Structures are given as C-alpha cells and as structure tokens.
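Asker: Below you will find the structure I want to go over with you.
The values are calculated or read from the model by the stated rules, or taken from the named source; none is laboratory data. Since this is a predicted model, take the numbers as computed values, not measurements. A quick note on method: Cβ atoms are made from the backbone with ideal geometry, for glycine too, and the neighbour counts reach across all protein chains shown.
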Amino acid sequence: MKMLNYLVLWSFVFATSTSGFGQEENCKIPEYVNQFEGFNVASCKYSEFNEYKFTYNNLKGDYTEIMHSGTYYRINYERSDDGSREISGAQIRQNYFNAVMGAKGENLSSDKNMFKFRHEDKIIWMLIDNAWDDNDQGYQIYIVEETVMEQEIKMNIQEAMKTDGKIALYGIYFDTDKSNIKPESEPELKKLTDYLIANPSVNIYIVGHTDNTGELSHNMTLSKARAKAVSDYLVSKGIDAKRLTSDGVGPLCPVTTNATDAGKKKNRRVEIVLK
C-alpha cells in the first residue's frame, strides 16, 4: 500500500483542519500536528502545565512508564460518518513514525507509537494511543511539550527560610556575562535586606547559579562574582559582613533542564541558604 502523507507536517506550514462534520470547535492543537483525511477531532484537552504518565512498550518490547510535565494536549480523533476510507492502525502509526524520523526525532517504542522530538526550543513527547484496528475507528494523541511552569504563587523570604531553609531569588538581574547588578533588582534586594534586618540572628549563604552555556570554569567564576555582588550590596545597606558567606556553583545545581531557553532562565538564579 502506498504510504499516505496526510498526517504530521513538520514544516509547520499547515495548521490542523477545523472543518468537517462532527468537528470539535475551539480545540487547541499544536501547529505541528495534522490529521488523517477521513478523521475528525471529537474532543480535546489542553493545560498550560500538567503532568502525564506515558505508558508504552520500549524498543525491547518491555512495558514502560515515564512521567513528563509541561504544556499538555490530548486530541481524540474519530472516523467521519462517510466511511469513504479504510485506514488501519498500523498505517496511522507508520505515518507518525515516518514524520518523526524525517524530523530527526526518536522512536521510543517497538510499536512505533511513542516519540520524542524537538520543535523550536521545546522537547516534545508524543504518544499515539489506540491505533490498532484493521479498519481503525479512532485514536488519541497525547502530547507534552516539556516546559518549566511559570511560578505564580511565591512564598515570602521569611516563610521560605522557615519551611525550606532556602529560597531562590529570580528578581536579581545582571548584565549578560557580568556581575553588575541591574537597577531593576532593587525591589528583590530590598526584601532580602528587610528580612535580614528583621532577623538579626540569621546568617546566610549567598549562592550564585548559572546555566550551562559556556565553559565550566568561566561559569564558576561568574557565579561566585554575582554572589559576591549581592553580599556587597547587603553590606552597603548596613548588614554585618560576618553574617554573609558568598559563593557560586556555576551550572552544577540546576533546578531543571538546560535544553530549553525557559529552563536556562530558571537555572540562572541567586539562592539564599540558611547557615
């Protein structure tokens, strides 16, 4: 049978069709996913951030479970009522397999239904589920775009130090590849200064962190210099230098992946750790 090319279009030129009888309206579907002619979107689900456990048979045929988190999509395709085509589950899975391989992605399953690939700066995990029948009546796609959740609920320094003994400060900004503190860091530094004034018995470590861009030795030096700059600022505001110990660990303690720009942004931080 000649392989059809109706499915995943990795050139990102086409968006998913929204026409057809029974088509679900207002579905949020990634631009890199297209659908087979003869199928409609019956339902869908989208979350800005969620966790999903992918289950599949790995390349050795062993049952595998793996959890990934990020932007989440579930798309449920059903056959259209006209029944003009007979499409097998194997044909569906082979189409996705060919498309992913053509985009230099990875097939993770002996069943050709679990994939990993890149789109822009994101790592994409995708599972094709229930595409097994000789004349398939419907299947699902589960997608997680690996991203870092935007933290919207923040503990104040007092609460964080009491509960966790540390806090990552993302409101302290530096010029690229430098240790000069930018003026827009003032609100975050004031919070830290106020905390130390209100808690005179507290001594802290100030720890600089970078992403993994560049040489390790350079990043180690840069992270130490940035931590020292924060310490110098606090001393200039009247905090006793004996209460402060600054150091840096460069990229050695990331909080998330450095494979994406969003991840690198999270890894560039200053942490305050209780002595």
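Asker: Read through the list (1) touching a Pro at 6+ places or on another chain (Cβ under 8 Å); (2) at pLDDT below 95, then give the number of the only condition that THR176 fails.
Answerer: (1)
Asker: Please state which one of ILE124, ILE167 is of a type outside the set (Asp, Glu), in a strand (DSSP E or B) and within 26 Å of ASN40 (Cα to Cα).
Answerer: Being of a type outside the set (Asp, Glu), in a strand (DSSP E or B) and within 26 Å of ASN40 (Cα to Cα) holds for just one of ILE124, ILE167, which is ILE124.
Asker: Going residue by residue through segment 36-54, is there one that turns out to be among the aliphatic types (A, V, I, L, M) and crowded, with 19+ Cβ neighbours inside 10 Å?
Answerer: There is at least one residue in segment 36-54 that is among the aliphatic types (A, V, I, L, M) and crowded, with 19+ Cβ neighbours inside 10 Å.
Asker: Just checking, which of GLU150, GLU159, GLU188, GLU184 is modelled with pLDDT under 90 and in a helix (DSSP H, G or I)?
Answerer: From the options GLU150, GLU159, GLU188, GLU184, the qualifying one is GLU159.
Asker: Now, a different point. Report, ordered by the first and then the second residue, all pairs with beta carbons closer than 7 Å, sequence separation of six or more or different chains, a first member in segment 27-48 that is without any contact (Cβ under 8 Å) to a residue 24 or more places away in the chain and not assigned by TED's automatic domain parsing to the domain that holds SER88, and a second member that is among the basic types (Lys, Arg) and in a loop (DSSP other than H, G, I, E, B).
Answerer: none
Asker: Mind checking which residues of segment 227-247 are farther than 15 Å from LYS166 by Cβ and surrounded by 17 or more Cβ atoms within 10 Å (Cβ to Cβ)?
Answerer: The answer is LYS228, ALA229, SER231, TYR233, LEU234, ILE239, ARG243.
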